[in-house]
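Peer 1: Take a look at this one; I'll ask things after.
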Amino acid sequence: MSPKRSRKKVLVWRITVDEQLADDLIRLLACPLAEGVEEFFDRREDWGKEREWQARPTTYARKLGIPSAERKKWPWERLAEGQVFLSGEFRIVNDRTAPKYFKVSRGRNEFLRIDNLEMVREGFRRTYSEVLSRGVT
């Protein structure tokens, strides 16, 4: 991704609630969808360089890209460390609760928590198992 590529031009973000720094401050880790990727899931190669953002109760909805219609579903108090969201111009292929993958869809505005999806959790388990099987060095 070009360093000149603005946040506005990025179509999809993968955003992790990383850490609560204070009662009114959280750190977010945000990765833009890699250039040229049109169909994606939660594979490392789908995403660009991670950036650190900070959010407060007055700014979190905008920074996460939560559409107006979903803001009541995602109040500040509901955010927790480890949650992972997709935000931006994409559509869900299959069902929201069991997506096969995601596809860039210009003009749409989606927001979806993905760390609680079975396919993503299975990927976490597989990666963790691979790390453990290699042993600690």
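Peer 1: Taking the simple approach of a point 7 Å from Cα along Cα-to-Cβ for both Ala34 and Arg113, what is their distance in nm?
Peer 2: That separation, rounded to one decimal, is 2.8 nm.
Peer 1: May I pose another question? If Lys and Arg each add +1 and Asp and Glu each add -1, what is the summed charge of the other residues whose beta carbon sits under 13 Å from the beta carbon of Arg78?
Peer 2: Details: positive: Arg71, Lys72, Lys73, Arg113; negative: Glu70, Glu77, Glu81.
Net local charge, Arg78 excluded: +1.
Peer 1: Explain nothing, just the number: relative contact order of the range 29-76, from Cα pairs under 8 Å at least 6 residues apart, as a whole percent. Don't jump to the answer; show the numbers that get you there.
Peer 2: Values: 32 pairs, mean separation 16.0, N = 48.
Dividing the mean separation by the residue count of the range 29-76 yields 33 percent.
Peer 1: Looking at the range 50-94, which GluC sites (Glu not before Pro) are in a loop (DSSP not H, G, I, E or B) and have at most 15 other Cβ atoms within 10 Å?
Peer 2: Sites meeting the loop and neighbour criteria: Glu50, Glu81.
Peer 1: Counting other Cβ atoms within 10 Å of each Cβ, which chymotrypsin sites (Phe, Trp or Tyr not before Pro) in the range 76-115 have at most 16 and sit in a DSSP loop?
Peer 2: On the way: sites: Trp76, Phe85, Phe90, Tyr101, Phe102, Phe111; in loops: none.
In loop regions of the range 76-115 (DSSP not H, G, I, E or B), there are no sparsely surrounded chymotrypsin sites (Phe, Trp or Tyr not before Pro).
Peer 1: Also, I was wondering about something else. Under a Cβ-only charge scheme (Lys and Arg +1, Asp and Glu -1), can you give me the dipole magnitude of the range 7-134 about the Cα centre, in debye to the nearest 20?
Peer 2: Details: 27 positive and 22 negative charges, 88 e Å.
Dipole about the Cα centre, nearest 20: 420 debye.
Peer 1: Using 0.36 nm per residue of separation minus the Cα-Cα distance, give me the extension gain between Arg96 and Glu45 in nm, one decimal. Don't skip to the answer; put the middle values down first.
Peer 2: On the way: separation 51, 0.36 × 51 = 18.36 nm, distance 2.24 nm.
Using 0.36 nm per residue and subtracting the Cα-Cα distance, I get 16.1 nm.
Peer 1: Shifting gears a bit: Using 10 Å bins from zero, what percent of all Cα-Cα pairs in the range 7-134 falls into each bin?
Peer 2: 12, 44, 35, 9, 1
Peer 1: Under the 0.36 nm per residue contour assumption, what length would be gained going from the current alpha-carbon distance of Arg27 and Leu11 to full extension? Let's see the in-between values first.
Peer 2: On the way: separation 16, 0.36 × 16 = 5.76 nm, distance 2.13 nm.
Length gained, Arg27 through Leu11: 3.6 nm.
Peer 1: Turning to a different aspect of this structure: So what's the net charge close to Lys103: Lys and Arg +1, Asp and Glu -1, counting the other residues with Cβ under 11 Å from its Cβ?
Peer 2: Values: positive: Arg91, Lys100, Arg106, Arg108; negative: Glu38, Glu39, Glu89, Glu110.
Cβ neighbours under 11 Å give a net charge of 0.
Peer 1: Excluding residues fewer than 8 places away in the same chain, name every one of the aspartates and glutamates whose C-alpha is closer than 17 Å to that of Lys9.
Peer 2: Qualifying aspartates and glutamates at Cα under 17 Å: Glu35, Glu38, Asp46, Glu50, Glu89, Glu110.
None of the figures in this text is laboratory data; all of them are computed from the coordinates on show. No experiment lies behind these values; they were computed from the predicted model shown. Don't worry about glycine lacking a Cβ; one is built from the backbone with ideal geometry, like all the others, and counts go over all protein chains shown.
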